[in-house]
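A.B. asks: Here it is: the structure, laid out below.
The values are calculated or read from the model by the stated rules, or taken from the named source; none is laboratory data. Treat the numbers as computed from the prediction; the structure is a model and nothing was measured. Glycine gets a Cβ as well: all are built from the backbone with ideal geometry, and neighbour counts include every protein chain shown. Please note that ligands, DNA and RNA were not included when accessible areas were found on the heavy atoms of the full protein model with its side chains. Shrake-Rupley method; radii C 1.70, N 1.55, O 1.52, S 1.80 Å.
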Amino acid sequence: MMEADSPEHTRLRRLASAAFTPRRTAELAPRIEQLAHALIDALPPAGEADLV
């Protein structure tokens, strides 16, 4: 989406705006946090990891 030119970018932006409203994002937050904690907990206890 970031590298798309109009009119494709405009179409994708409208889709994302409709899907990720502030209300829906707030509803998804607990599940996103749960998944993030599970992924972080699965990392090796010692050493290094790259997070993106």
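A.B. asks: Report the extension gain between Leu12 and Ala42 in nm, rounded to one decimal, defined as 0.36 nm multiplied by the number of residues separating them, less their alpha carbon distance.
C.D. replies: Extending this stretch completely gives an extra 7.5 nm.
A.B. asks: Here's something else I'd like to know. Once phi is turned into ³J(HN,Hα) by the Karplus curve 6.51 cos²θ - 1.76 cosθ + 1.60 with θ = phi - 60°, what whole-Hz value does each residue of region 8-20 show in order, with x for glycine and proline?
C.D. replies: So the J values, rounded to whole Hz, are 4, 4, 4, 4, 5, 5, 4, 4, 5, 5, 6, 7, 10.
A.B. asks: In addition: Roughly how many Å² is the accessible area per residue of the chain, as a whole number, for a 1.4 Å probe?
C.D. replies: Per-residue accessible area for the chain comes out at 98 Å².
A.B. asks: Specify which labelled value, from (1) 4.1; (2) 5.1; (3) 3.5, agrees with mean projected area of the Cα convex hull in nm² derived from the coordinates of the model shown.
C.D. replies: Looking at mean projected area of the Cα convex hull in nm² for this model, the match is (2).
A.B. asks: May I ask you to give the percent of accessible area on the chain that is carbon plus sulfur, with a probe radius of 1.4 Å?
C.D. replies: The value for the chain is 60 percent carbon and sulfur by accessible area.
A.B. asks: Another one. Once R0 is set to 25 Å, what does the formula 1/(1 + (r/R0)^6) return for the Cβ-Cβ distance between Glu27 and Asp5, expressed as a FRET efficiency to the nearest 0.05?
C.D. replies: With a Förster radius of 25 Å, E is 0.20.
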